Every structure is written in structure tokens, then in C-alpha cells.
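Structure, as C-alpha cells:
Rule-based calculations on the coordinates, nothing more; no lab input. For clarity, every value in this text was computed on a predicted model and none was experimentally measured. Cβ: placed from backbone, ideal geometry, glycine included. Neighbour counts: every protein chain shown.
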Amino acid sequence: MFYTKEMIHKEFKMATQKDERNAMKKSYKHRIEYLKALKEDMIEAPKNFSNLNLTTDHLQNLIDDWSAPKPIDAFYKRIFNMTYAEKKAQEELEYFDLTKGEKVYKKKEQVDTIQ
């Protein structure tokens, strides 16, 4: 059985729903277990994942990130080398005009479509 991107997303969403059932305490247990099982499957039967651009290193990065106390900070640390809050503060500074004392957003250029 070949895995597809859609199948992996659907199964991960189901693991997320299991984690969210316990509203008392935030838990990522089912997501971590799913990613570990997926990694084991990839090691045992790599041909089932040949159609995906996914490696065991990618899965291990996700396992490490979800295992952290604050997964979003772990994601941002790995990608941007700063926490989520630090990245958002940096973005705020990029869009803040000190002369006017207000936020300034860059306008997207409109692309003419051929009809």
C-alpha cells in the first residue's frame, strides 16, 4: 500500500483530534506516537513512501518538535533560529513606520489576467 500526502494528513488530523479530546491538559501524545509509527513504517517498507518527498530525517525533526514543551517554539527555532514570539516581534518591526507611528503593510501588486 502506497502512502499519499492526503492519507498522512488525514491520519495526522485523527491523531490531533484524539489529543484534543482531553481538554484539561494539552497533550501531543497521539501525534508523536503516529509520527513514530510512520517513521518505523518508512524504515521497514521504504517503497510505500517512494512517491512522497519525505525522509526519516524529516519525520525525526517533526517528532522532536512535537515532543518539545512548546512545539510551535521548537518549529520556529529549527526553521528561523528564534522562537515564535521573537519572529512575530521581528515581523511587527518590519511593518512599523517610526515616522508615522503606525503599521504599514506592503501592498501586493495586482497582476492583470488575460481573458
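Of the peptides 42-54, 75-87, the order by per-residue mean of other Cβ atoms within 10 Å, starting with the highest, comes out as 75-87, 42-54.
Shown in residue order for segment 64-73 are the 3J(HN,Hα) couplings computed by the Karplus curve 6.51 cos²θ - 1.76 cosθ + 1.60 at θ = phi - 60°: 4, 5, 5, 7, 5, x, 10, x, 5, 5 Hz (x for Gly and Pro). Contact order, relative form, for segment 5-67: 31 percent (alpha carbon pairs under 8 Å, 6 or more residues apart, mean separation divided by residue count). Pairwise Cα separations in segment 5-67 fall into 5 Å bins from 0 onward with the following percentages, short to long: 3, 18, 26, 26, 15, 7, 3, 1, 0. Straightening the chain between residue 58 and residue 25 buys 9.2 nm, computed as 0.36 nm per residue apart minus the Cα-Cα spacing.
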